[in-house]
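Novice: Before I ask anything, let me first share the structure, which is written out below as structure tokens.
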Amino acid sequence: MELEFHQLELRYDRLRIVHPDHERRLLSSLAEVGQQVPIVVVKQDGDEHFVVIDGYKRVRSLRRLGRDTVGSFCWECGEAEALVVSRLWHTGESETALEQSWLLVELHERFQLSLEELARRFTRSVSWVSRRLALVRELPKSIQERVRRGEIVPLARANQQACLRLVEGVGSFRLSSRDMAVLYAAYRDGNTVTRQRLLEAPVLFLKAFKESLTSPPPSSSPEENLRTDIEVLGSVARRAHRRLRQGALQNLLEREREELARSLRQSLEETRCMAERFEQEMGHAGPQHASGDSQAA
């Protein structure tokens with residue numbers, strides 16, 4: 001059915017992040033071939049208004065094109081059920097943890113769905129739901145709004161003050177997801193000095209990082225490279241062990257546990273092969289060094 005814009009209630013527009021590039025492509029497509037996929041709405045009780053569940057990008061684009069109506073499909077169910085079904089329906093689309101969190105908060109606070117009910121509806125654990133709800137409560141609203149407008153991507157559950165300083169440092173620059181991933185990794189793995197420099201001048205930090213990628217790496221001997229590889233191997237193992245002690249496996253689904261177990265077995269096998277080769281090389285090197293010493297004597 002065709003609905004006029006004034007009949008649409010757009011109360012869930014804030015549950016999705018705006019992606020300007022995606023919307024430009026959609027605008028071009030709608031201008032060329034028209035609306036091919038209807039938006040999803042549910043009937044609002046007592047009047048001729050309809051609540052939009054899915055299709056906010058199409059609504060914005062059609063409005064920009066000056067269209068008078070929007071092709072719509074009305075689901076015969078309540079808003080809460082429609083929100084859940086719509087989100088499950090789009091499982092193939094990429095979705096950020098923050099978008100998941102916004103929806104869960106809406107269902108929990110507006111429709112009074114318990115954590116257990118949300119976990120059941122989305123086939124997740126209660127702990128997963130709890131962590132998503134905590135994300136919205138802990139991440140400053142100023143950052144959430146910039147994420148919602150597509151200006152930045154969230155730095156996960158980082159320190160609130162650090163998040164605010166990062167946003168202030170970025171200013172009007174529009175950073176890509178890759179840029180934010182670099183900043184997050186540098187903040188997560190860096191020492192106190194690195195974090196301080198990153199927060200004081202994130203754009204300058206990114207520029208220096210990108211320049212370092214184009215600079216030729218210093219030459220190292222095979223022995224130095226091997227030493228570095230073995231030290232990194234030990235460091236990564238210690239970090240993984242620490243995360244296990246912190247309960248990283250406790251809230252995973254069985255499928256996720258099995259995938260991690262397969263990865264661990266493969267890593268152990270590769271480490272075993274490397275260790276065997278190492279022992280062989282050590283055995284070969286011993287007599288040669290001993291022979292060399294005796295000749296020198």
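The values are calculated or read from the model by the stated rules, or taken from the named source; none is laboratory data. Since the model is a prediction, treat every value here as computed from it, not as a measurement. Neighbour counts are summed over all protein chains in view; Cβ atoms, including those assigned to glycine, are modelled from backbone coordinates with ideal geometry. What goes into the accessible areas is simple: the full protein's heavy atoms, side chains included, and nothing from ligands, DNA or RNA. Shrake-Rupley method; radii C 1.70, N 1.55, O 1.52, S 1.80 Å.
Novice: Here are 132, 58, 64: which of them is at negative phi and touching a strand residue (DSSP E or B) at 6+ places or on another chain (Cβ under 7 Å)?
Specialist: 58
Novice: So, residue 201, is that one in contact (Cβ under 8 Å) with a residue 24 or more places away in the chain and open to solvent by less than 60 Å² (accessible area, probe 1.4 Å) or not?
Specialist: When the stated conditions are applied, residue 201 passes them.
Novice: Listed residues 88, 118; which is under 22 Å from the mean Cα position of the chain (by Cα) and buried (at least 19 other Cβ atoms within 10 Å of the Cβ)?
Specialist: One residue alone meets the criteria, 118.
Novice: Here's something else I'd like to know. Does region 38-50 contain any residue that is among the small types (Gly, Ala, Ser), part of a loop (DSSP other than H, G, I, E, B) and closer than 24 Å to residue 84 by Cα?
Specialist: Yes, the conditions are met somewhere in region 38-50.
Novice: If you go through region 63-85 one residue at a time, how many are within 30 Å of the chain's Cα centre (by Cα) and free of Cβ contacts under 8 Å to residues at least 24 places away in the same chain?
Specialist: Here the count works out to 2.
Novice: To continue, here is another question. Taking residue 165 and the conditions (1) basic (Lys, Arg); (2) surrounded by fewer than 15 Cβ atoms within 10 Å (Cβ to Cβ); (3) modelled with pLDDT under 80, which numbered condition does it fall short on, given that it satisfies the others?
Specialist: Of everything listed in (1) basic (Lys, Arg); (2) surrounded by fewer than 15 Cβ atoms within 10 Å (Cβ to Cβ); (3) modelled with pLDDT under 80, residue 165 misses just condition (2).
Novice: Kindly evaluate residue 10 against the criterion of being open to solvent by 60 Å² or more (accessible area, probe 1.4 Å) and touching a strand residue (DSSP E or B) at 6+ places or on another chain (Cβ under 8 Å).
Specialist: yes
Novice: Name the residues in region 125-153 that are in contact (Cβ under 8 Å) with a residue 40 or more places away in the chain and open to solvent by 30 Å² or more (accessible area, probe 1.4 Å), would you?
Specialist: 125, 127, 131, 148, 149, 153, listed by residue number.
Novice: May I pose another question? Hey, can you tell me all the residues within region 229-259 that are in contact (Cβ under 8 Å) with a residue 12 or more places away in the chain, in contact with a helix residue (DSSP H, G or I) (Cβ under 8 Å, 6 or more places away or on another chain), closer than 16 Å to residue 128 by Cα and open to solvent by less than 100 Å² (accessible area, probe 1.4 Å)?
Specialist: Selection gives 251 alone.
Novice: Which of (1) open to solvent by 80 Å² or more (accessible area, probe 1.4 Å); (2) outside any helix (DSSP H, G or I) is the odd one out, the single condition residue 53 does not satisfy?
Specialist: (1)
Novice: Where the second residue is crowded, with 19+ Cβ neighbours inside 10 Å and not in a helix (DSSP H, G or I) and the first is in contact (Cβ under 8 Å) with a residue 40 or more places away in the chain and hydroxyl-bearing (Ser, Thr, Tyr) and lies in region 46-62, which pairs have Cβ atoms under 9 Å and are six or more apart or on separate chains?
Specialist: Here the result reads 56/12; 56/39, each pair linking region 46-62 to a residue that is crowded, with 19+ Cβ neighbours inside 10 Å and not in a helix (DSSP H, G or I).
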